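Presented below is the structure to which this report refers.
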Amino acid sequence: MFDMKKDLTDYIFHTKNFIDKNVCEQAIKEIQNISFEEHKFYNPITNEGAPRSKDELLMSWDNIPTKKIIMQKLWYAIANYLEIINFPWFTSWKGYSDIRFNKYNQTKKMALHCDHIHTLFDGERKGIPILSVLGVLNDDYGGGEFIMFDKYEIKFKQGDLIIFPSNFLYPHKVEPVTKGTRYSFISWVW
């Protein structure tokens, strides 16, 4: 018989120093030359995206040379996550999205949400993400705390990565940055 864990935090995997410091620093240098746009939340009723506040973060899907290095490492993190949870009924995944870079200047934040991201699925892929994979490229900023379940803070250091289910049981947000700029990336598994 399988004994499933009941604490939701048991399915949040935090891997410290997952991305090498040099790769993180190189990515931040490269990010300085890409274009960013305001983050928008999808509204299934209007079929459009809109920011939830004037202080939403900036995001970019642009390519940089270090993106390929990070993407290759993510495959191993996802495979490891599934091996560790060891669910006999959940044995496969079909892929993961290209990473999106997030930039939080001072006062920028991300509103409370869950990762039911419809816009990733354009017809070739169908469904919603099953796992969220989030990494932080720097830690020399103030504020910008990552909060789950209203009060559960995950403290990030440069190069850290977390993986968690992308469903309504895992609401999360990023508090406003108070000093410096916070850089992160996100990918979703389906």
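We did not get these values from a lab; they are worked out from the coordinates using the rules stated. Here the structure is a predicted model, which means the values were calculated and not measured. In this analysis, Cβ positions are derived from the backbone assuming ideal geometry, glycine residues included, and neighbour counts consider all displayed protein chains.
Observations
- Think of the chain as a dipole: +1 on every Lys or Arg Cβ, -1 on every Asp or Glu Cβ, centred on the Cα centre; then among 58, 119, 31, 31 lies furthest on the positive end.
- For segment 12-189, the equivalent ellipsoid derived from the Cα gyration tensor has semi-axes of 23, 20, 17 Å, listed largest first.
- Counting only Cβ charges, +1 for Lys and Arg and -1 for Asp and Glu, the dipole size of segment 63-189 around its Cα centre is about 280 debye.
- Candidate lysines - alpha carbon under 27 Å from residue 94, same-chain residues fewer than 8 apart omitted: 5, 6, 16, 40, 67, 68, 73, 126, 173
- Dipole of segment 130-174 [Lys/Arg +1, Asp/Glu -1 at C-beta], most positive-end residue of 152, 165, 136: 165
- Peptide packing for 81-87, 54-60, 161-167 was compared via the average number of neighbouring C-beta atoms within 10 Å per residue; ordered from the highest value, the list is 161-167, 54-60, 81-87.
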